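The values are calculated or read from the model by the stated rules, or taken from the named source; none is laboratory data. No experiment lies behind these values; they were computed from the predicted model shown. Here the Cβ positions follow ideal geometry from the backbone for every residue, glycine too, while neighbour counts run over all protein chains shown.
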Amino acid sequence: MKSKKARVALLPALMLWACGPTQSPQEDAAPPPSTAPTVDASADAQADARPGQLPAPKADVADDGSPDLTPPALTPEAERGVEGARNVLLSFARAIEQRVYGQAWALLSAADQRKWSRADFAAMFADLADTSVAIPTGTMEGAAGSLYYTAPVTITGSDRQGRPIRIEGEAVLRRVNDVEGATPAQLRWHFETLTLAWTH
């Protein structure tokens, strides 16, 4: 009798085992693997790197303050001569080559800043690659209490299709020739006029 009762008691347990292990409510509620598309963060960079295309210019190419390309201070003697004039021109050339067009624009005279807005000036160069600025030795002359330094300017590069671009012009810088009552700004070399024209 004991043997028959034992077999009857084991029957429910055997039936549960045959149905397999049970799952907890948490396991039943587990979400299926996500099928949402992933975003390739490098997609835009790869698009910009396609052959024949330039990377997009900086969003704020017209007002970029880094790196600071302000003409460095010179000794009073150097500031008065050709070195002072070329110091300003070198900062202008570096600003164009390093694509900080706002700093190049800031060196221009008020008249030229009215001729080219900050954004218009930047737009002349923003689509160019491999930009190079050449400003050969110029000439110095004096007139009406001022000194003038005139030098040719050549800017070369390539457009988005890889075609060569050449922009030519002339820069005229001026400083007051140590006359009484001249302000510090007048005694420093500064742009008087700049002309630029696309040759091809």
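Details
- Of all residues in region 169-192, those satisfying the criterion of being among the charged types (D, E, K, R), without any contact (Cβ under 8 Å) to a residue 40 or more places away in the chain and within 17 Å of Thr139 (Cα to Cα) are Glu170, Arg174.
- Of all residues in region 69-85, those satisfying the criterion of being charged (D, E, K, R) and within 15 Å of Pro184 (Cα to Cα) are Glu77, Glu79, Arg80.
- Candidate set from region 116-136 (those that are loosely packed, with under 14 Cβ neighbours inside 10 Å and not small (Gly, Ala, Ser)); member that is nearest to Thr156 (Cα to Cα): Asp130
- Filtering Ala85, Ala126, Ala41, Ala93 for residues that are at pLDDT 90 or above and out of contact with any strand residue (DSSP E or B) (no Cβ under 7 Å at 6 or more places or on another chain) leaves a single hit, Ala126.
- Within region 126-168, being without any contact (Cβ under 8 Å) to a residue 24 or more places away in the chain and aromatic (Phe, Trp, Tyr) holds for no residue.
- When the test is whether a residue is out of contact with any Ser or Thr (no Cβ under 6 Å at 6 or more places or on another chain), at pLDDT 95 or above, more than 24 Å from Ala106 (Cβ to Cβ) and of a type outside the set (Ser, Thr, Tyr), Glu141 passes it.
- Unique match (being within 17 Å of Ala85 (Cβ to Cβ), of a type in the set (Val, Ile, Thr) and assigned to a strand (DSSP E or B)) among Thr131, Thr150: Thr150
- Note on region 109-123: residues that are touching a strand residue (DSSP E or B) at 6+ places or on another chain (Cβ under 8 Å) and either in a helix (DSSP H, G or I) or closer than 21 Å to Thr199 by Cβ (or both) total 2.
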